[in-house]
Structures are given as structure tokens and as C-alpha cells.
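The values are calculated or read from the model by the stated rules, or taken from the named source; none is laboratory data. Note that the structure is a prediction, hence the values are computed from the model and not measured. Note that each Cβ is placed from the backbone with ideal geometry, even for glycine, and that neighbours are counted across all protein chains shown. Ligands, DNA and RNA are stripped out before the accessible areas are found, and what is left, the full protein with its side chains, is counted by its heavy atoms. Shrake-Rupley method; radii C 1.70, N 1.55, O 1.52, S 1.80 Å.
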Amino acid sequence: MGLLLLCAVIAILVFFPIQILIYPHLPYLGLLKRAAGIIILSAFFCLFRILRGPHAADRIMALDMLSILIMGACALLSISTQRSWYMDIGIAWCLQSFVTTLAFSKFLEGKDFDE
């Protein structure tokens, strides 16, 4: 539910920008809007795969792809607002997601975490 809320907030900020957040003189604002739409659509496909995946490995891969899409959304926010701390958030998110994916894959193999 929180991820749907995050996607909705990103969609609102990109498609109906607050003039304080997004600089109006960006020549590539249309490209940013289209890229955000593609990221949001892909996020919904990943959420569908997480909810209806036939196997646990499919769900884990969809969760990993979703974290990559969140990194892309952070990059779009960083470009559109010209603030670099969005990239720091995205990098921290991807590092945490990588560790989570490794832990889930070890759990699926039936091994302990310290092996």
C-alpha cells in the first residue's frame, strides 16, 4: 500500500508539478514526464508480479526490479528538481535492496545467513 502511495506521489509531482519544485526552464520536461510515466507503468507491472507470481523466485525478482525502478524515479526527481540528495536516497535504496535480495535467495536455497 505504501508503494502505491509512493508511485502516486511521484506521478502527481511529475505530471502536475509544483512550480517551486520543478524549474520551468528545463528544455526536456516532456521527456521527463514520459520517462516518469514509463517508470510508473513498469512499477505497476512489478506490483502485479509480486502479488500474483507463481513462485517465490518470481516475486523476489519483481521486488528487485521494483527497487531499480525506484532508483530511476529518484534519478528523475534529481534531474527535475536539480537537487542531488535524491540520488543519495536512490543509491541507499538500491544497496539495501541488493542485501535483501541476497538474503531472500539464501532463504530459498534453505541455507543459513552465515553460510
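So, D58, is that one loosely packed, with under 15 Cβ neighbours inside 10 Å and outside any helix (DSSP H, G or I) or not? In short, no. Looking at L102, L108, L69, just one residue is within 30 Å of L29 (Cα to Cα) and not polar (S, T, N, Q), and that residue is L69.
When residues in the range 1-52 are screened for being open to solvent by less than 70 Å² (accessible area, probe 1.4 Å) and at pLDDT 80 or above, 10 of them pass. Go through the range 71-100 and give me each residue that's of a type in the set (A, V, I, L, M) and either at pLDDT 90 or above or surrounded by fewer than 19 Cβ atoms within 10 Å (Cβ to Cβ) (or both). Hits for the range 71-100 are M71, A75, I79, M87, I89, I91, A92, L95, V99.
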